[in-house]
Structure formats: structure tokens, C-alpha cells
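Undergrad: Would you mind keeping the following structure in view while I ask a few things?
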Amino acid sequence: MSSKAQHVVVISVPVQGHINPMLQFSKRLASKGVRVTILAPAYLTTSLQTMYGGLIQIECISEDDKPPHGIDELLEWFETIVFRSFRNLVDKMEGSGCPLKVVVYDAVLPWAQDLAQNHGLKGAAFFTQSCAVCGMYYLMYSGKLKVSTTENSSVSLPSIMPVMGLQDLPSFFIDTQSYPSLSKISINQSMNFQKAEWLLFNSFDNLEKEVVEWISHEAAIKTIGPTIPSMYLDKGLKDDKDYGMSLFKPNSESCIKWLDSRETSSVVYVSFGSLASLGEKQMEELAWGLMRSNCYFLWVVRTSEDSKVPKDFKSKTSEKGLIVNWCPQLDVLAHPATGCFMTHCGWNSTLEALSLGVPMVGMPQWSDQPTNAKYIMDVWETGIRVKGGEDGIVTREEIEGCIREVMFGEKGNILKNNALKWRELAKEAVDEGGTTDKNIDEFLSQLIK
Ligand code: UDP
């Protein structure tokens, strides 16, 4: 394929859960000969390098070391620095003899579509959440979905979706106040349905078959996921073992060494991703719930959350548990000692668990996580979800019970077998001739036209 002359620029929100899938997609493009330039602020470029013999390059667009605190502030700042640097980038690439053709942009940044058009480029919106969640945002955006938060209310969704209560909906349907910019841009992602030349989704056809068909009536979409490093799935990209960029420093060696000394399926891996923050009371219940389960556990507590771990917890559980600030999650999930994944159900973590065949205990916090948990439990049937009390807190007894059910109960075996089935389907999708592989090829041939 003569994709060599093609040059794509990638714009992702500079947070872990967005960079990971967009970087992985960039690797798939580069493996097919496309040149990719990724825009990134300075604090990311220090950990990113050029890849694929220079086919993937990182363009630094700010010299500031520290981004602003808070996700809403980060989004505003990022928009400013992209706008400031884009004209220069276009001119520079034009001058280098390899002009930009297409902007592949994070769908939560719909302004990037206008930016592309204003510079004579085409736009491809990249959705980093599930097709089901994006479909729900689309209904909300177009006024076809109304959510009332009165008691006992449920929502009327297309019949291809499971029946959902308020606790299963994306949190921004109910709480639009806590993160005004983020809720707005999440729902507004759908404006790309009309504007963008391509709509790319980090999912795969078999995983969300009916939803994909349903959205396809509204807009032509391409599933291009799961965007997991190739060595965990099809092994088609040489040496593609990790995402290649981490905002946090992983304690890789100590995690793997610790897991190596544990028996098969004996460890609960616990992580709430890169953004979610649990309240102090909830952290306490989680800690004692882990201890009560009497299982070995590997718990990721980011540095910013460290102070919420009960004071005497580490010393009381030193025989059973390891707490780290960040870990190489894919290696941990793929490790034979890992028996279950207690997760916030972020979309990447969900896809990773499905692709590696690990059953889950879902403890969703916000954003799309409640809906992902609903699908994990009732559609893909690879996990269960903890129940919160009236005050929203999930008790230590509940946590203990759910962990034990997945680790030792009959249900655990069923979930594990289902997870292994999804693993095969994920592999099939990305493998040569699979739906994802074909969709990426189709995207490339349209790019060349
Ligand atoms: N992750 C990791 N190490 C950790 C915790 C998370 O590498 O200790 C990675 C994980 O593999 C996933 C990403 O961080 O790719 C988190 O993305 P997700 O969508 O699950 O959650 P978010 O951080 O966006 O809430």
C-alpha cells in the first residue's frame, strides 16, 4: 500500500487513558507505513521517544513543565497551546516535503475538527470510550434521551441496550456541576458524528455488535480496537510490549518479582486508574475489605492518594499485600498469579481485562465507568459490581464478599470462562483479516484517495 506519503497528526488529551489508545493506534498506522506526528506538552515528551524508525514523532508544543491542576483547567490550557502552535507545525511539515493530510483527534476535543478544516486538512474523530456510552451521549446531545433524577426513575434506552437505572448511567447525565467542562465535552463528542470525515472507536465489532449496527444507521463508524499492545494479542507488531508512555513511574520490578512468588490465580489486583480519587472513608473500607478477603493483593495507590491508606494497614497486611504507586498494568493482568481485577471500570482497563481474560470486581466511580460496569456484569458477563450503601459507601463486608465470590465461588469460574471467550474474540478482531484490521486498512485506503 502506498501509504508512505501519508502524514497524520494526532491530538490527544494529555491524560493516560486517552494517550494510551491513541498512541497504540498510531503504532498500527506506522506499521503500515504512515508517518505520524503526535502533539504533546513538554511533560509528556520527556517520556515519549520517536518510534518505528522515526515514523512516529513527538512534537513538543509547550515548554511549561507543569500543567495546571484540575481536569477542566487542563483541557482549557491544552486547547490554547494547540491553537498557538498549529500553524507553525503545518508550515514546518509543508516545508519538510511531507505535508500533513489528516488530523486524528480525541473526540472530546471537537474544536480540533474546525482547526483541521481551517488548515485545509481532514478530520478523524477518535472515541476513547465504548460505542454504547458514545451512543448514549449522542442520544443526550440530540435531545432524544431525557434523564429524570426523581426516585425510582429509569431511562428509556434503545432496546439493544440493557435496562439501566440511574446508577448505571454515565455520571455526567446526573451530575453536570462537578466537572462542567468535562461533562459538556463528553456529551458534545457526538457533534463529531456530523462533522468528521471518519469516526474511529476503540472497541471491536463482536464486543458491541448490536450497538455498532445501531450507531451505523446514524453515522459510518469504524471500530479499531482494542488498542492493546500487540504482543498481548495478535503479536503482529514486533516488540510492541507496552504503551510506551507513562505519566507515572511504575514500580515494575518489585511488582513482577512479588507476583512471581505467588501461586496461580491467588492475587487480587486493585487499581482505580489514573484520575479517580476515593474519599477517605471509602479508602478505609476498601483497605479493610481487602484484608478481610484474606487473599493476596497488589494495590495501586497513586502518590496523591497515599495519605488515605489507614495508618496501621501496611504493617498489618505486609504478609498478604503489596501497595505500589503505579504498576505495569498489562504485565500484572497477564501474570498467571493474578486471579481477579478490582477496577474502577475505566474503558482501557475494561478492554485490557477482556483482552487478557481476567474476571473483574467493578467498583465504578464516575464518568463512563458505571455504564462499563453494567456491561461487564450483564452483557459480557465477566464480572460483578459492588453495591454501595445509602450513603454511597461500599462497605468492607461487601468488598470482601465480592472478592471471595470471584476468587473462590462457582460464579468466578463462569466469569473466567466468559473472559477467555472475549479474549479470543479480541485477538480475532485485531489479527490479520479481523474486523479491526480491515477497518484500519480501509481507513488507510480512504486516506490515500
Ligand atoms: N495503568 C497502568 N498502571 C497502573 C494503573 C493504570 O499502566 O498502575 C494504565 C492502564 O493499563 C490503562 C490506563 O492506565 O491503560 C488507565 O486507563 P483507564 O481508561 O482504565 O482509566 P482512567 O485512568 O482513564 O480513569
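Undergrad: Could you tell me whether Phe78 is crowded, with 22+ Cβ neighbours inside 10 Å, closer than 17 Å to Asp242 by Cα and within 16 Å of the ligand (Cβ to nearest atom)?
TA: no
Undergrad: Continuing with this model, one more query. Kindly evaluate Phe86 against the criterion of being touching a strand residue (DSSP E or B) at 6+ places or on another chain (Cβ under 6 Å) and either open to solvent by less than 70 Å² (accessible area, probe 1.4 Å) or at pLDDT below 95 (or both).
TA: No, not satisfied.
Undergrad: Same structure, new question: Can you spot a residue in region 50-62 that is of a type in the set (Asp, Glu) and either within 16 Å of the ligand (Cβ to nearest atom) or over 19 Å from Ala112 (Cβ atoms) (or both)? Full working, then the answer.
TA: We begin by selecting, within region 50-62, every residue of a type in the set (Asp, Glu); these are 59.
Still in the running and either within 16 Å of the ligand (Cβ to nearest atom) or over 19 Å from Ala112 (Cβ atoms) (or both): none.
Checked against the condition, which is being of a type in the set (Asp, Glu) and either within 16 Å of the ligand (Cβ to nearest atom) or over 19 Å from Ala112 (Cβ atoms) (or both), region 50-62 yields no hits at all.
Undergrad: Could you grab the pairs with beta carbons closer than 7 Å, sequence gap of 6+ or different chains, first residue in region 318-345 and over 13 Å from Val361 (Cα atoms), second one near the ligand (Cβ under 10 Å from one of its atoms) and charged (D, E, K, R)?
TA: Asn325/Arg302; Trp326/Arg302; Pro328/Asp242; Gln329/Glu352; Leu330/Asp242; Leu330/Glu352; Leu333/Glu352
Undergrad: Given the conditions (1) in contact (Cβ under 8 Å) with a residue 24 or more places away in the chain; (2) away from the ligand (no atom under 16 Å from the Cβ); (3) touching a Phe, Trp or Tyr at 6+ places or on another chain (Cβ under 9 Å), report the number of the one that Ser203 does not fulfil.
TA: (2)
Undergrad: So Lys66 fits all but one of (1) touching a residue at least 40 places away in the same chain (Cβ under 8 Å); (2) under 23 Å from Lys249 (Cα atoms); (3) of a type outside the set (Asp, Glu); (4) open to solvent by 40 Å² or more (accessible area, probe 1.4 Å); what number is the exception?
TA: Every listed condition holds for Lys66 apart from (1).
Undergrad: Taking the criterion of being away from the ligand (no atom under 16 Å from the Cβ) and either in a loop (DSSP other than H, G, I, E, B) or surrounded by fewer than 18 Cβ atoms within 10 Å (Cβ to Cβ) (or both), would at least one residue in region 270-277 satisfy it?
TA: From region 270-277, those away from the ligand (no atom under 16 Å from the Cβ) are none; that's our starting set.
No, region 270-277 contains no residue that is away from the ligand (no atom under 16 Å from the Cβ) and either in a loop (DSSP other than H, G, I, E, B) or surrounded by fewer than 18 Cβ atoms within 10 Å (Cβ to Cβ) (or both).
Undergrad: Could you check region 90-129 and list, in sequence order, the residues that are hydrophobic (A, V, I, L, M, F, W, C), more than 16 Å from the ligand (Cβ to nearest atom) and in contact with a strand residue (DSSP E or B) (Cβ under 6 Å, 6 or more places away or on another chain)?
TA: From region 90-129, those hydrophobic (A, V, I, L, M, F, W, C) are 90, 93, 98, 100, 102-104, 107-109, 111-112, 115-116, 121, 124-127; that's our starting set.
Filter once more, so that each one left must be more than 16 Å from the ligand (Cβ to nearest atom): 90, 93, 98, 100, 102-104, 111-112, 115-116, 121, 124-125.
Matches in region 90-129: Cys98, Leu100, Val102, Val103, Val104, Ala112, Ala116, Leu121, Ala124, Ala125.
Undergrad: Right, something else. Regarding region 208-218, can at least one residue be identified that is over 22 Å from Leu109 (Cβ atoms), at pLDDT 90 or above and in a loop (DSSP other than H, G, I, E, B)?
TA: Yes, there is a match, as at least one residue in region 208-218 is over 22 Å from Leu109 (Cβ atoms), at pLDDT 90 or above and in a loop (DSSP other than H, G, I, E, B).
Undergrad: Still on this structure: Within region 330-342, is there a residue that is among the aromatic types (Phe, Trp, Tyr) and within 26 Å of the chain's Cα centre (by Cα)?
TA: Yes, there is a match, as at least one residue in region 330-342 is among the aromatic types (Phe, Trp, Tyr) and within 26 Å of the chain's Cα centre (by Cα).
Undergrad: Kindly indicate the residue of region 297-314 that is within 14 Å of the ligand (Cβ to nearest atom) and of a type outside the set (Phe, Trp, Tyr) and also farthest from the chain's Cα centre (by Cα) among those meeting that condition.
TA: Asp306
Undergrad: Looking at region 179-189, which of its residues are closer than 16 Å to Glu73 by Cα and in contact (Cβ under 8 Å) with a residue 60 or more places away in the chain? Give the derivation first.
TA: To start, the set of residues in region 179-189 that are closer than 16 Å to Glu73 by Cα comprises 179-186.
Listed by number, the residues that qualify are Tyr179, Pro180, Ser181, Leu182, Ile185, Ser186.
Undergrad: Something else now. Hey, Lys249 hits all of (1) within 30 Å of Asn202 (Cα to Cα); (2) away from the ligand (no atom under 14 Å from the Cβ); (3) in contact (Cβ under 8 Å) with a residue 40 or more places away in the chain; (4) surrounded by fewer than 17 Cβ atoms within 10 Å (Cβ to Cβ) but one; which does it fall short on?
TA: The one condition Lys249 does not meet is (2).
Undergrad: Follow-up. Restricting to region 363-379, name every residue that is among the β-branched types (Val, Ile, Thr) and in contact (Cβ under 8 Å) with a residue 40 or more places away in the chain.
TA: Thr371, Val379
Undergrad: Would you call Lys238 in contact (Cβ under 8 Å) with a residue 24 or more places away in the chain, open to solvent by 10 Å² or more (accessible area, probe 1.4 Å) and of a type in the set (Lys, Arg)?
TA: In short, no.
Undergrad: Would you confirm, using the coordinates I've provided, whether Ile228 is open to solvent by less than 40 Å² (accessible area, probe 1.4 Å) and either within 17 Å of Gln113 (Cα to Cα) or in a helix (DSSP H, G or I) (or both)?
TA: Details: open to solvent by less than 40 Å² (accessible area, probe 1.4 Å): yes; either within 17 Å of Gln113 (Cα to Cα) or in a helix (DSSP H, G or I) (or both): no.
So Ile228 does not fit the description; no.
The values are calculated or read from the model by the stated rules, or taken from the named source; none is laboratory data. Please read these numbers as outputs of a predicted model, since none were measured by experiment. Don't worry about glycine lacking a Cβ; one is built from the backbone with ideal geometry, like all the others, and counts go over all protein chains shown. Note: accessible area is taken over every heavy atom of the protein model, side chains too, but ligands, DNA and RNA are not part of it. Shrake-Rupley method; radii C 1.70, N 1.55, O 1.52, S 1.80 Å.
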